[in-house]
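Derivation of every value follows stated rules applied to the coordinates shown; laboratory data play no part. Predicted, not measured: the structure shown is a model, and the values here were computed from it. A quick note on method: Cβ atoms are made from the backbone with ideal geometry, for glycine too, and the neighbour counts reach across all protein chains shown.
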Amino acid sequence: MIVPLFLDTNDCRHFSKDARRAIAEVCVDTEPEIRSLLGGLHENIELACQTGPFVIPETGEMGTAIPPNRVAWTVDSRLPGGVATVARAQLRFTLFHELHHLVRGWVMYGGAARTSFMEGVVEVYAEVLKKSVADPSMLQ
């Protein structure tokens, strides 16, 4: 189960009921497909949600895989439509990408030491999974 956790942030912005609902719906809708492709996932995954400006400008959000079972997700609540709009548009793709990292061990903290060009290859695999499965139109 992917369980969203809503963290307090320095800017004291809170997640609206609509944003919380959108995030939970994306998690529920996306999880079965992710699990069918990434069999080694931990049974319980925490999605630690916070607001903040340190995001990918093109998507308005950013994820980080933290072992053994957490994905940190930062979303810029100042964007048009707010958190719910960004979650509906981007969270599915970020979950595919970051959960691939968790399964493969290519994570922010506690993973194996990076010693070769394969570091880049693992990032490419995460992107290909995200694009080919979560939204095949991204490959065109």
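For the stretch 1-94, the set of GluC sites (Glu not before Pro) satisfying both a DSSP loop assignment and a count of at most 10 other C-beta atoms within 10 Å is given as 43, 58. Exposure proxy for 27, 49: other Cβ atoms within 10 Å of each Cβ, ordered fewest to most, give 27, 49.
Considering all alpha-carbon pairs of the stretch 1-87, what whole percent are spaced by more than 24 angstrom?
Value for the stretch 1-87: 17 percent of Cα pairs lie more than 24 Å apart.
Spin-label pair residue 31-residue 16: with each label point 7 Å from Cα along the Cα-Cβ axis, the two points sit 2.5 nm from one another. Between residue 56 and residue 38, the simple spin-label model (points 7 angstrom out along Cα→Cβ) gives 1.3 nm. For residue 2, the amide hydrogen comes within under 5 Å of the amide hydrogens of 45, counting only partners 5 or more places away or on other chains and with H modelled in the peptide plane.
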